[in-house]
1. Could you put 134, 261 in order, starting from the residue whose Cβ has the fewest other Cβ atoms within 10 Å?
2. What Kirkwood hydrodynamic radius do you get for region 38-97 when you take the inverse of the mean 1/r over all pairs of distinct Cα atoms, in Å?
3. Can you pull a Stokes-Einstein diffusion coefficient for region 119-220 at 10 °C (1.306 mPa s), Rh from Kirkwood over Cα pairs, as a whole number of µm²/s?
4. Between residue 66 and residue 28, what is the FRET efficiency for a Förster distance of 30 Å, r being their Cβ-Cβ separation, to the nearest 0.05?
5. As an exercise, use a Förster radius of 41 Å and the Cβ-Cβ distance of residue 97 and residue 246 to find the FRET efficiency, rounded to the nearest 0.05.
6. Ordered by packing density, taken as the mean number of other Cβ atoms within 10 Å over each peptide's residues, highest first, how do 48-60, 204-216, 243-255 rank?
7. If the chain between residue 255 and residue 228 were fully stretched, how many nm would it gain, using 0.36 nm times the residue separation less the Cα-Cα distance?
8. How high is the relative contact order of the chain, in percent, counting Cα pairs under 8 Å that sit 6 or more residues apart?
């Protein structure tokens, strides 16, 4: 039993080291004085100042945040509707096809998704003249398309495990189905909707492949900018940007953990 515990502890340690040592090294080298991202030249905050003076990276970050927030909101609305249809509408004609269409973005390679959306936008431009140019709107539509599948799965799982007796009791007391939806169902699935929104926001903010297909001039997102910098040579200001993102995510996790602990106590 003791040997098994040591083995599990060793495996766990290697797993955490594999995950977090690269993140720690990024934060460490963000305070590098040298112009080379991987050569230590002394402690300095120089690259944090360079980061906030870099208009290109700030514009890419702002565009990515706007796209992520917009696409996550639309994906949450559409994904919640899809989850409600799959769980509350029972068996209906075309249910299998509808369910397959919802799940397909989860297993479809991003290259195929990006290429198909690019062909769609090009065809629409030739037929109706929209979009005039690819950028914010096309990337938002593309991210909404694949992110809503993740939201639908999260909401569907929550609805499946939810007790329907509350909704039935409300209808027995005279509530109409629409009022039951807004007064009973939606408040109960709000945690799943929030989780789906956060997941969609993260997926959109992290996406590179699909955005590369459906973007155009002036539509450079943050992952696209970082990828272009990797090909030309990474400078320590990218380490500084990554460190700030890690800090924001860590603070968010700590706040959520504190809120959950306070709520449970």
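FYI, it's all coordinate maths here, none of it is from the lab. Because the structure is predicted, anything quoted here is derived from the model rather than measured. For neighbour counting, all protein chains shown are included, and Cβ atoms are generated from backbone atoms with ideal geometry for every residue, glycine included.
1. Listed from fewest to most nearby Cβ atoms, that is 261, 134.
2. Values: mean 1/r = 0.0626 Å⁻¹.
Averaging 1/r across every pair of different Cα atoms and inverting gives 16.0 Å.
3. 98
4. Values: r = 31 Å, r/R0 = 1.03.
That gives a FRET efficiency of 0.45.
5. E between residue 97 and residue 246, to the nearest 0.05, is 0.45.
6. By packing density, highest mean first, the sequence is 204-216, 48-60, 243-255.
7. My answer for the length gained is 6.3 nm.
8. Details: 276 pairs, mean separation 83.7, N = 265.
RCO, the chain: 32 percent.
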